[in-house]
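The values are calculated or read from the model by the stated rules, or taken from the named source; none is laboratory data. None of these values were measured; they are calculated from a predicted model. No Cβ is skipped: glycine too gets one built from the backbone with ideal geometry, and neighbour counts run over all protein chains shown.
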Amino acid sequence: MRTGETRWAYIFLIPWIVGLVLFQAGPMIASAVLSFTDYDLIGSSEFVGVENYATMAADPRLARAIGNTLLYTVVHVPLACLLALGLALLLNRITGRAAGVFRTIFYLPSMTPYVAVGVLFLFLLNGQAGVLNEALAIVGIEGPQWTTDPGWMLAGVVIMSLWNLGASTIVLFAALRNVPRELTEAAMIDGAGAWQRFRHVTLPLISAALFFVVVVDTIAALQMFDQVYTMYFGTSQAQQTSGDAALFYVVYLFQQGFQFLHMGYASALAWLLFAVIAVITFIQVKVGNRLVHYEDPAA
């Protein structure tokens with residue numbers, strides 16, 4: 001019986017295995033090979049060894065893209081996690097039929113296509129007639145040129161990225177729902193205040209979910225592309241206006257591969273990004289194992 005079940009399991013896994021080989025493993029192996037070649041998508045490829053990787057060290061635009069991406073990640077991830085946690089705490093206080101309605105409302109922004117989000121915030125952050133600057137003008141603050149001033153473009157991207165917090169909010173909300181009520185009640189009886197209950201009871205019990213959100217948000221931030229490209233690189237005029245102030249790593253990778261047809265160099269950039277994400281995730285896991293509380297399944 002077990003042999004038959006195993007056979008059927010592999011049969012049902014065949015479509016996934018085929019998709020993995022054709023659309024993930026295959027392209028990854030091909031890009032690894034291309035990273036050692038000079039290939040323009042038109043002619044034949046020419047083997048150049050590690051020349052593409054050596055070129056990265058002397059590429060000033062790559063250095064700017066890496067700097068922008070890392071700065072955005074450092075600012076975005078903590079803000080996104082804190083806001084998502086705050087929204088999850090609000091959801092956790094809502095009961096009755098309204099709870100499902102608000103969960104849907106909070107998650108809906110995650111369903112919006114990234115290109116549409118980029119276009120939307122191009123108008124919302126407009127320096128002359130944008131909603132954000134109009135709101136700041138009400139309280140007597142003159143808003144900056146979010147989409148044209150190089151000094152404020154990265155801040156505008158961070159504001160735009162906080163639109164999509166639905167998935168993180170729902171994950172943290174589910175973790176909050178699993179916190180045993182009797183533990184918080186016991187802490188309350190012992191005289192613990194609201195902050196103490198959150199710090200010493202709730203936060204340790206949701207730390208695994210919070211760690212997951214941090215890792216996923218970090219990986220997503222390092223791969224930021226759609227919204228930024230739509231806002232600042234969708235047209236030649238927009239690209240001339242933004243310059244390299246909004247140049248992110250994946251945007252530069254895309255330009256090298258599909259705008260300048262340097263597919264070998266773009267493949268090398270892709271593998272560098274893969275290595276950076278792997279190293280950062282490894283460090284996060286090592287640090288997280290010391291800080292994250294995991295429940296004992298035998299308890």
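Computed values, structure above
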| quantity | calculated |
| --- | --- |
| Check on A208, over 16 Å from V292 (Cα atoms), in contact with a helix residue (DSSP H, G or I) (Cβ under 9 Å, 6 or more places away or on another chain) and either modelled with pLDDT under 95 or among the charged types (D, E, K, R) (or both) | no |
| Residues being exposed (fewer than 11 other Cβ atoms within 10 Å of the Cβ) and modelled with pLDDT under 90 - total across region 256-293 | 3 |
| Count of region 1-35 residues which are touching a helix residue (DSSP H, G or I) at 6+ places or on another chain (Cβ under 7 Å) and more than 30 Å from G49 (Cα to Cα) | 0 |
| Matching residues, region 118-176, being surrounded by fewer than 20 Cβ atoms within 10 Å (Cβ to Cβ), within 30 Å of V201 (Cα to Cα) and aliphatic (A, V, I, L, M) | L162, A167, I170, V171, A174, L176 |
| Helices (runs of 4 or more DSSP H) fully within region 69-166 counting 1 or more residues that are of a type in the set (S, T, N, Q) and within 30 Å of V179 (Cα to Cα) | 97-107, 153-161 |
| Pick from region 1-46, criterion β-branched (V, I, T) and loosely packed, with under 11 Cβ neighbours inside 10 Å, ranking: farthest from F254 (Cα to Cα) | T3 |
| Every residue from region 177-204 that is of a type in the set (K, R) and either surrounded by fewer than 18 Cβ atoms within 10 Å (Cβ to Cβ) or touching a Phe, Trp or Tyr at 6+ places or on another chain (Cβ under 9 Å) (or both) | R177, R181, R199 |
| Residue among F12, F47, F36 that alone is free of Cβ contacts under 8 Å to residues at least 24 places away in the same chain and closer than 27 Å to F258 by Cα | F47 |
| Region 47-62, residues that are in contact with a strand residue (DSSP E or B) (Cβ under 7 Å, 6 or more places away or on another chain) and surrounded by 12 or more Cβ atoms within 10 Å (Cβ to Cβ) | V48 |
| Complete set of residues in region 45-68 that are in a helix (DSSP H, G or I), among the aliphatic types (A, V, I, L, M) and under 27 Å from G151 (Cβ atoms) | M56, L62, A63, A65, I66 |
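Residues are listed down the side, and each one gets a yes or a no for (1) without any contact (Cβ under 8 Å) to a residue 24 or more places away in the chain; (2) farther than 18 Å from N92 by Cβ:
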site	(1), (2)
V139	yes, yes
P144	yes, yes
I159	no, yes
R177	no, no
L205	no, no
A209	no, no
V213	no, no
